[in-house]
1. Collect the residues in segment 78-107 that are outside any loop (DSSP other than H, G, I, E, B) and surrounded by fewer than 16 Cβ atoms within 10 Å (Cβ to Cβ), keeping them in residue-number order.
2. Restricting attention to segment 415-464, report how many residues are closer than 16 Å to Met496 by Cβ and assigned to a helix (DSSP H, G or I).
3. For segment 182-208: of the residues being surrounded by fewer than 17 Cβ atoms within 10 Å (Cβ to Cβ) and more than 21 Å from the chain's Cα centre (by Cα), which is farthest from Glu113 (Cα to Cα)?
4. Is at least one residue of segment 526-536 outside any helix (DSSP H, G or I), more than 15 Å from the ligand (Cβ to nearest atom) and in contact (Cβ under 8 Å) with a residue 12 or more places away in the chain?
5. How many residues are over 16 Å from Lys429 (Cα atoms) and of a type in the set (Ser, Thr, Tyr) when one looks only at segment 239-290?
6. Output the residues belonging to segment 544-574 that are assigned to a loop (DSSP other than H, G, I, E, B) and either without any contact (Cβ under 8 Å) to a residue 24 or more places away in the chain or on the phi < 0 side of the Ramachandran plot (or both).
7. Which pairs turn up if I take residues in segment 260-288 that are polar (S, T, N, Q) and look for partners that are part of a loop (DSSP other than H, G, I, E, B) and at pLDDT 95 or above with beta carbon separation below 8 Å, at least 6 apart in sequence or on another chain?
8. Restricting attention to segment 369-383, and to residues there that are part of a loop (DSSP other than H, G, I, E, B) and aliphatic (A, V, I, L, M), which single residue is farthest from the ligand (Cβ to nearest atom)?
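The values are calculated or read from the model by the stated rules, or taken from the named source; none is laboratory data. Values in this document were obtained by computation on a predicted structure and should not be read as measured data. Cβ sites come from the backbone with ideal geometry, for glycine too, and all protein chains shown count toward neighbours.
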Amino acid sequence: MTMANLRNSLSSLSLKELTSPSKHTLIVFPFRSQIMSSTSRNSNPDQLCLHKMVHQVPGLDSKETNSIVEQIFDKYTSKNVKRNGKGIAIVWFRNDLRVLDNEALYKAWISSEMVLPVYCVDPRLFNATYNFGFPKTGALRAQFLMECLADLRKNLMNRGLNLLIQHGEPEEIIPSLAKSFGAHTVDQVYAQKETCSEELNVERLVRKGLQQVVLSVQSKDSSRICPKLQLIWGTTLYHLDDIPFSPSTIPDAVEAKCTVRGCIRVPTSLGPAPGVGDWGCVPSTEQLGLQSQKASLYVSRGMKFMGGESAAVGRAHEYFWKKARLNSHHFPTYARSIMQLLILNVTSDIDSYIHLQDLLRVYKETRNGMLGPDYSTKFSPWLASGSLSPRYIYEEVKRYERERHANDSTYWVLFELIWRDYFRFISVKYGNSIFHLGGPRKLEYKWSQDQKLFESWRDGCTGYPLIDANMKELSATGFMSNRGRQIVCSFLVRDMGIDWRMGAEWFETLLLDYDPCSNYGNWTYGAGVGNDPREDRYFSIPKQAQTYDPEGEYVAYWLPELQALPKERRNFPGKSYIEQVVPLKHGKMNSQTSQNTPLNGRRNNFRVNRR
Ligand SMILES: Cc1cc2nc3c(=O)[nH]c(=O)nc-3n(C[C@H](O)[C@H](O)[C@H](O)COP(=O)(O)OP(=O)(O)OC[C@H]3O[C@@H](n4cnc5c(N)ncnc54)[C@H](O)[C@@H]3O)c2cc1C
């Protein structure tokens with residue numbers, strides 16, 4: 001649809017039509033692939049716009065994604081990078097599944113004549129969680145990971161390389177590759193440094209395995225030379241070496257005063273690729289032993305994330321530069337939703353017709369939302385798999401500030417990334433205590449492990465719509481908003497008194513963006529055993545519902561049985577919904593209740609230095 005057509009279509013729509021649409025109104029504008037099925041079966045306007053949609057994230061088609069990726073790769077390519085090493089260097093890909101701004105890949109390339117990129121599909125990733133035996137990687141994250149691998153392979157191939165995919169433990173595979181590729185040529189293995197115990201253990205074993213591989217090149221003093229594991233810091237916005245304290249002395253309240261390093265430029269070609277007979281296949285979910293979870297792979301509602309660096313770059317493009325949001329709070333909900341649908345694919349020309357705002361420009365106001373793909377960046381799944389570099393996000397935010405607008409919202413995206421960094425550095429400081437019941441503060445509370453209560457939380461059957469809707473979203477999509485995560489965490493630990501690690505491990509199973517530092521860091525924080533000095537971080541459900549879902553749109557989306565209720569009752573359905581499994585610790589589930597609970601003050605100790 002051209003801009004002119006769209007403008008004509010818009011001007012022919014009266015507000016009345018928007019608020020009481022005929023079937024025809026929707027069918028006139030069928031340009032979102034997100035509308036999954038016929039709108040005609042549904043007569044309720046709210047149902048029309050909410051219940052028939054799966055949002056693919058990013059919402060770009062493959063042609064557009066490819067063209068953006070090409071532009072960005074061009075921008076981050078340098079013809080001046082020279083290599084000056086000898087032999088083959090192995091790049092052992094871990095949670096850094098990207099080509100752009102990947103220091104391990106870059107260092108391997110400049111210090112060798114040939115790079116062998118490898119990913120080990122480690123069966124331990126698909127075992128069980130540590131304490132409670134939940135699947136360690138749920139089907140949706142497994143699928144996301146496989147999409148990341150396929151895309152990484154594609155992007156490496158576009159640069160003259162490939163990705164060797166092997167099934168097994170890295171401590172077996174990496175040394176054996178070093179051996180079979182000729183002990184005289186492989187002298188370095190490059191990988192991204194991790195910080196938590198399971199990953200550190202694998203690093204230790206790989207290093208040990210490499211010590212058994214003897215290079216045929218002799219040192220001057222005839223001592224044995226083995227291939228070395230070079231671990232490169234690469235997950236955070238701020239480089240570990242640049243923060244103004246050692247991780248072990250990182251203060252619990254931090255003012256960050258350091259600069260962000262620039263993204264690394266990639267050479268035009270990463271080839272030549274070493275001769276490998278069989279590069280291996282990206283495994284299917286069956287091959288990963290996840291047949292029993294296959295049904296959960298079908299996302300029929302909510303957000304469907306696409307794995308891989310290309311999708312990540314596409315999402316950054318769409319969030320920063322392409323999508324806009326209608327700024328018209330006075331519009332009725334349905335009108336707003338229809339207008340949102342209309343504007344998703346159009347340029348800023350439409351600003352002259354209605355007031356649109358870039359998503360980044362209003363991030364700070366929208367970031368506590370729960371419904372739809374655009375209230376927050378949704379970068380986390382790609383950040384966790386390393387398909388997206390936080391430094392790339394930083395550079396794009398800075399570019400946006402130069403080219404369009406700088407405000408609190410642009411600053412706040414970076415602020416959130418620094419939270420991510422913070423939990424990473426905290427994992428170095430506190431080690432395994434972030435996984436322990438007493439947390440870094442070694443606090444002793446009496447926790448319950450009541451299975452029935454836990455299952456009601458896990459399955460979204462607590463009788464509290466806000467909890468149930470969030471838990472259903474998590475199971476159906478592998479994602480939950482930050483607001484939702486804080487609410488369900490508070491409910492599990494404060495209202496139910498359940499061992500917080502059960503919640504953390506369930507998140508570990510399901511989250512597409514699962515990252516041990518952010519997950520366990522946030523859970524210890526929410527459970528009051530983290531390094532947060534404020535003890536009782538209680539989130540009152542009535543207050544949260546009134547503030548963040550006043551019209552019950554979110555709960556009605558995930559709990560269709562509530563759609564028939566008046567909007568103000570959807571979060572407070574009383575007997576019209578299932579029975580509540582526990583009473584609330586503070587306050588009653590009455591829509592008139594005004595809670596006086598400590599909701600604010602989060603993060604007031606932690607500030608980023610604005611430069
Ligand atoms: C109990 C609990 C568990 C969590 N588990 C994880 C997890 O396993 N992995 C994960 O990436 N995030 C986790 N978070 C943090 C946060 O909820 C998600 O990062 C965020 O919701 C992702 O959505 P977004 O990318 O749209 O975030 P945005 O609001 O757009 O923020 C941008 C980026 O900042 C980072 N960020 C934002 N908030 C936090 C935070 N509180 N802690 C750390 N980083 C943050 C993320 O990388 C995010 O992508 C958890 C939060 C809670 C309360």
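1. Going residue by residue through segment 78-107, those that are outside any loop (DSSP other than H, G, I, E, B) are 78, 88-93, 103-107.
Within segment 78-107, just Ser78 meets the criteria.
2. Total satisfying the criteria: 8.
3. Ser197
4. Kept after step one, since they are outside any helix (DSSP H, G or I), are these residues of segment 526-536: 528-536.
Narrowing further to those that are more than 15 Å from the ligand (Cβ to nearest atom): 533, 535-536.
Still in the running and in contact (Cβ under 8 Å) with a residue 12 or more places away in the chain: 533, 536.
Yes, the conditions are met somewhere in segment 526-536.
5. Selection size over segment 239-290: 5.
6. Quick first cut of segment 544-574, residues assigned to a loop (DSSP other than H, G, I, E, B) only: 549-552, 559, 563-566, 570-573.
If the condition is that a residue be assigned to a loop (DSSP other than H, G, I, E, B) and either without any contact (Cβ under 8 Å) to a residue 24 or more places away in the chain or on the phi < 0 side of the Ramachandran plot (or both), then Asp549, Pro550, Glu551, Leu559, Gln563, Ala564, Leu565, Pro566, Arg570, Asn571, Phe572, Pro573 are the ones that fit.
7. Every condition considered, the pairs that remain are Thr268/Arg159; Ser269/Arg159; Ser269/Gly160.
8. Residues of segment 369-383 part of a loop (DSSP other than H, G, I, E, B): 369-379.
Checking which are aliphatic (A, V, I, L, M) leaves us with 370-371.
Numbers: Met370: 10, Leu371: 13 Å.
Going through the qualifying residues, I end up with Leu371.
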